[in-house]
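Only one structure is covered here, and it is reproduced in the block below.
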Amino acid sequence: MKKTMKFYLGMDVSKAWVDIAVLCVSNGAKQPVETGHFDNTAAGMKVMGQWLKKLKVSFDANSLLVIENTGVYHRLVWEYCSSQGLPIHIGNATHIKWSFGIARGKNDKIDSQRLCSYAFKNADELKATPALNPVFLTLKDMMTARSRLLAQKNSMKVYLGELRRTNSKEVQLIMEQAHQAALEGIKASLKIVEKQIHQMIQEDAAILSNYKLLMSVPGIGHLTAVYIICCTNNFICKITGKQLASYAGVAPFGNSSGSSIKGRDKVHKMANKKLKKLFHMGAISAITHYPEFKDYYERKVKEGKHAQSVINAIRSKIAIRAVAVINNQASYVDNYKKAA
């Protein structure tokens, strides 16, 4: 009888180091869990790889590593797994934490063991995260840099505007001159970042193709299209429109139980707030410039629907159509305009 071995790995990732737990299941029998502690550096990843090979961990579909999404800190782990062919699942930290139930006490080693147990229990449902694509990471970093620069510029302008209420003209002029160089520098940096974003889109055929498809959808502009591509890794994982709408916090969910709870459907507060804001701005633009959405909005409001609920329905429509044009690989067709 051929011996079958499965490996389930859990890793707690922090800024300076990683803690990893390895569970081997041989012919259905669980072996003792092995734990390790390594630096979160390129050299540390190599040492960890040697340790895993000593444990005879197979770098193929017979293994699964589960980590929580930590933003920047897990990038080296993701890069190492992608280059070595070790399947990795980067999960939502809140979802994984809730799956633990009531947990008393914690530290990095215990968390890695809990993640290892999570990998073992949910292996049939967990999907391996696609291999790291440096292009998307750079694009995400550029979009983040743009948001930070805009926030700094707006913060300075608001501060100067507040001072204008109480300062004399002479003092206000001094303050504005003192901030002028900083504002000009931020504007110059914004131009560089935006130019780089456009250049990256043009140089990658796969990104450019999906970018053009997204731009054909009413309510989706340049920033929204780029942000959706970043959030979905250019739709490398086949997602549904409902999933994107749920991720953005624009998909309503039921709220009822028996005869005691009969609440109205509403969106969940757990969402990507940035994407939700972009969809909201897109919905307002669609209502203003596209007859289909304008007529829909006015009709629903006349029927007694709350204006914000109608806007949310339009946000959800935009998300669903965004996924539809990608899955169909065809530009959006305005049938409403054709019928008119």
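Where does the chain land at 222 nm, in deg cm²/dmol rounded to the nearest 500, when only DSSP H runs of n ≥ 4 count, each adding -39500 (n - 2.57), divided by all residues?
Using -39500 (n - 2.57) per qualifying helix, the result is -18500 deg cm²/dmol.
Springs between alpha-carbon atoms under 10 Å, Gaussian network over the chain: tell me which of Q113, Q329, Q180 tops the mean-square fluctuations.
The residue that fluctuates most here is Q180.
Considering Cα pairs under 8 angstrom that are at least six residues apart, work out the relative contact order of the stretch 14-129 and quote it in whole percent.
Dividing the mean separation by the residue count of the stretch 14-129 yields 28 percent.
Go through 282-291, 216-225, 162-171 and give me the packing order, highest mean Cβ count within 10 Å leading.
Per-residue mean Cβ counts within 10 Å order the peptides as 216-225, 282-291, 162-171.
Considering amide H positions built from the backbone, and no H for Pro or chain starts, which residues 5 or more places from L65, or on another chain, come under 5 Å of its amide H?
Counting only residues 5 or more places away or on other chains, the set is L9, I88, H89.
Using 0.36 nm per residue of separation minus the Cα-Cα distance, give me the extension gain between S58 and K109 in nm, one decimal.
Length difference between fully extended and current span is 16.1 nm.
Scan the chain and note any complete DSSP helix (H) whose C-alpha atoms cover at least 27 Å along its axis and whose Kyte-Doolittle average is -0.5 or more.
The qualifying helices are 134-164, 169-203, 307-328.
Can you figure out the FRET efficiency of T4 with K97, using R₀ = 35 Å and their beta-carbon distance, to the nearest 0.05?
Result of the calculation: an efficiency of 0.65.
So, R0 is 41 Å and r is the distance between the beta-carbons of V25 and K238; what FRET efficiency does that work out to, to 0.05?
0.90
Treat every Asp and Glu Cβ in the chain as -1 and every Lys and Arg Cβ as +1, leave all other atoms uncharged, and give the resulting dipole magnitude about the Cα centre to the nearest 20 debye.
With only Lys, Arg, Asp and Glu charged at Cβ, the dipole is about 820 debye.
In nm, give the distance between the simple-model label positions of A188 and F253, each being 7 Å from the Cα along the Cα-to-Cβ direction.
Simple spin-label model gives 4.8 nm for this pair.
Quick one: check the C-alpha center-to-center distance for the stretch 65-101 versus the stretch 162-209, whole angstrom.
Between the Cα centre of the stretch 65-101 and that of the stretch 162-209, the gap is 35 Å.
Magnitude of the Cβ-charge dipole of the stretch 218-332, K/R +1 and D/E -1, about the Cα centre, nearest 20 debye?
340
Using a 7 Å offset from the Cα along the Cα-to-Cβ direction at both Q152 and A330, what is the distance between the two label points in nm, to one decimal?
Once both label points are built, they end up 4.7 nm from each other.
Rule-based calculations on the coordinates, nothing more; no lab input. What you are looking at is a predicted structure, and each value in this text was computed from that prediction instead of being measured. Don't worry about glycine lacking a Cβ; one is built from the backbone with ideal geometry, like all the others, and counts go over all protein chains shown.
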